[in-house]
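Scroll down for the structure; my scribbles are underneath it.
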Amino acid sequence: MDLAGTIRDVADFPVEGILFKDITTLLKDPQALQETVDRMAAYAGSRDVELVVGVESRGFIFGMPLAYKLGCGFVPVRKPGKLPAEKISESYTLEYGINTLEIHVDAVSEGLRVLVVDDLLATGGTALATCKLIERLGGQVAGAAFAIELGFLNGRDQLNNYDVFSLITFD
């Protein structure tokens with residue numbers, strides 16, 4: 001299936017000069033959604049994943065069905081002010097600014113093999129911050145899975161210490 005053909009481009013979103021890759025068109029296509037989740041699960045199955053961590057907010061969309069298919073728990077990594085219990089944070093840069101992510105301190109147990117899931121790998125800042133949060137809590141990053149990769153932004157370079165999987169690459 002041509003998954004790339006199910007992605008819509010939106011110019012100048014969220015800021016002028018950015019060409020946004022909109023996954024809502026993939027999500028509404030039952031076959032595309034199922035193939036995306038199945039292919040990500042096949043990758044994760046070879047990584048001995050024990051926990052799935054989804055990055056706010058579109059990482060939740062793929063992370064939850066992956067956790068279900070793998071028989072794992074799911075942990076959200078969120079933007080500041082969204083998690084109610086004790087948490088740690090990590091700041092990062094992205095292609096159009098600076099942001100921070102947080103995770104509950106009890107979300108990841110020592111030595112647990114964790115899969116990081118998000119919809120898009122761009123510059124790698126968001127994924128790297130998530131990996132750092134997992135490692136600060138004692139977890140092992142078993143891999144990072146993305147529906148889309150913007151190859152021209154070289155995000156893999158930020159993640160060269162991790163195994164990275166993406167379904168669709170736009171160069």
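The values are calculated or read from the model by the stated rules, or taken from the named source; none is laboratory data. As the structure is a computational prediction, the values presented were derived from the model and not from experiment. Neighbour counts are summed over all protein chains in view; Cβ atoms, including those assigned to glycine, are modelled from backbone coordinates with ideal geometry.
Data overview
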{"quantity": "Single residue of the range 88-103 satisfying the filter (at pLDDT 95 or above and either among the basic types (Lys, Arg) or surrounded by 18 or more Cβ atoms within 10 Å (Cβ to Cβ) (or both)) that is farthest from residue 125 (Cα to Cα)", "calculated": "103"}
{"quantity": "From the options 41, 85, residue that is over 23 Å from residue 156 (Cα atoms) and modelled with pLDDT of 95 or more", "calculated": "85"}
{"quantity": "Listing of helices (runs of 4 or more DSSP H) fully contained in the range 55-159 that carry 1 or more residues being over 26 Å from residue 14 (Cβ atoms) and of a type outside the set (D, E, K, R)", "calculated": "58-70, 125-136"}
{"quantity": "Pairs with Cβ under 6 Å, 6+ apart, first in the range 1-22 and of a type in the set (D, E, K, R), second in a helix (DSSP H, G or I)", "calculated": "8/25"}
{"quantity": "Unmet requirement for residue 98, which otherwise passes all of (1) within 26 Å of residue 3 (Cα to Cα); (2) touching a Ser or Thr at 6+ places or on another chain (Cβ under 7 Å)", "calculated": "(1)"}
{"quantity": "Residues satisfying the stated conditions in the range 28-76, i.e. among the β-branched types (Val, Ile, Thr) and either over 13 Å from the mean Cα position of the chain (by Cα) or over 11 Å from residue 118 (Cα atoms) (or both)", "calculated": "36, 37, 49, 75"}
{"quantity": "Out of 123, 130, sole residue that is touching a residue at least 60 places away in the same chain (Cβ under 8 Å), on the phi < 0 side of the Ramachandran plot and of a type in the set (S, T, N, Q)", "calculated": "130"}
{"quantity": "Search result, residues across the range 15-38 that are modelled with pLDDT under 95, at negative phi and out of contact with any strand residue (DSSP E or B) (no Cβ under 7 Å at 6 or more places or on another chain)", "calculated": "15, 16, 18"}
{"quantity": "Hey, residue 122 at pLDDT 95 or above and among the aliphatic types (A, V, I, L, M) or not", "calculated": "no"}
{"quantity": "Filter pass, residue 73 being modelled with pLDDT of 95 or more, at negative phi, of a type outside the set (A, V, I, L, M) and surrounded by fewer than 19 Cβ atoms within 10 Å (Cβ to Cβ)", "calculated": "yes"}
{"quantity": "Subset tally (residues that are in contact with a helix residue (DSSP H, G or I) (Cβ under 7 Å, 6 or more places away or on another chain) and part of a loop (DSSP other than H, G, I, E, B)) for the range 1-24", "calculated": "3"}
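Conditions tested, residue by residue: (1) modelled with pLDDT of 95 or more; (2) crowded, with 21+ Cβ neighbours inside 10 Å.
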{"site": "79", "(1), (2)": "yes, no"}
{"site": "115", "(1), (2)": "yes, yes"}
{"site": "142", "(1), (2)": "yes, yes"}
{"site": "153", "(1), (2)": "no, no"}
{"site": "161", "(1), (2)": "yes, no"}
